[in-house]
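Each remark here refers to the structure printed beneath this line.
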Amino acid sequence: MCGRSVRATSDEATRPLPGDSLIAQPIGSFAHAISVRRRPRDVWPWLAQMGAGTRAGWYSYDLLDNGRRPSAQRMIPELQHLVVGMIFPALPGVTDGFSLLAFEPESFLVLGSLSSSGTVLTTWAFILEEEIGCGATRLIVRVRAAPGYRFQGLPWWLSKRVIVLVHLIMQRRQLLGIAERAESMPEMKGRMVFGPAKEAEHPAAGM
C-alpha cells in the first residue's frame with residue numbers, strides 16, 4: 001500500500017466515506033487514492049490551504065488551474081483556519097469555486113459545487129486514513145455528482161466521459177503533488193491549531 005499508485009482499491013471506491021450523504025443517490029462517483037509517507041497531521045495542512053489565487057494552489061498543473069503561478073511548496077499558517085461555507089477559488093481572480101461543505105482536521109475535507117438555490121451538485125471529498133504499521137497515510141479522493149449536474153451544459157452521458165478523463169489527469173498530478181510536498185517536510189512533533197470541525201448547514205449534510 002505504500003507505493004506511488006493513484007489507483008483506489010475496490011473497497012475505497014465503494015465503501016461509505018465522509019461527504020457521501022450530501023448526495024445520497026449520485027448519478028456518478030469515482031475515486032483515486034495515494035499512500036503518503038507521512039502521518040495525517042503532516043498531510044492535512046496541504047489540504048486546508050488548497051485553492052487558486054491568494055491561496056496555495058491546487059498542486060496540479062499550475063498552467064491550467066493556477067494562472068501559471070506555482071503552487072506553494074510550504075505550509076502557510078494564515079491559510080489553515082477553515083470555516084464551513086468558505087470558498088476555495090477554482091481559478092485565480094474569481095470569486096466562485098468550491099464551497100467548503102464539511103471538514104474534520106486531520107481526517108477529512110469535503111468541497112462541493114452548489115446550484116443557485118444552494119443544492120449540492122457535486123462533492124469532492126479528501127479523506128485521510130492512517131495506515132497502521134506503515135507510518136503512512138492513505139489519501140482517498142472521491143467525486144460524486146447529483147442528478148441534474150451537467151459539465152459545461154453537456155448532456156450527462158457526455159459530461160461523464162469528459163469529467164472522468166479530465167479528473168484522472170488533474171487528480172493524479174494533484175495527489176502526487178501533495179505527496180511530494182508532505183514527504184519533503186520534517187514530521188510535525190506537535191499539533192497545529194485549526195478551526196473547529198463543522199458540517200455544512202444543508203438538509204442533506206448529516207455525515
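Rule-based calculations on the coordinates, nothing more; no lab input. Every value quoted in this text rests on a predicted model; they were computed, and no experiment measured them. When we count neighbours, we look across all protein chains shown, and the Cβ atoms used for this are built from the backbone with ideal geometry, even at glycine.
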Q | Highest-first arrangement of 40-50, 59-69, 4-14, where packing means the average Cβ count within 10 Å | A | 40-50, 59-69, 4-14
Q: Please arrange 78, 129 by counting, for each residue, the other beta carbons lying within 10 Å of its beta carbon, fewest first.
A: 78, 129
(Q) Using helices alone, I'd like the mean residue ellipticity at 222 nm for the chain: each DSSP H run of four-plus residues gives -39500 (n - 2.57), total over residue count, nearest 500. (A) -7000 deg cm²/dmol
Q) With the Cα gyration tensor of the chain giving a ≥ b ≥ c as the square roots of its eigenvalues, does the rule (a/c under 1.5 for rounded; else a/b larger than b/c for prolate; else oblate) give rounded, prolate or oblate? A) rounded
Q | Residues residue 132 and residue 180, FRET efficiency given R0 of 22 Å [Cβ-Cβ distance, rounded to 0.05] | A | 0.40
Q | Segments 112-120, 137-145 sorted - mean Cβ within 10 Å per residue, highest first | A | 137-145, 112-120
Q | Placed amide H near residue 130: partners under 5 Å, 5+ positions off or other chain | A | 138
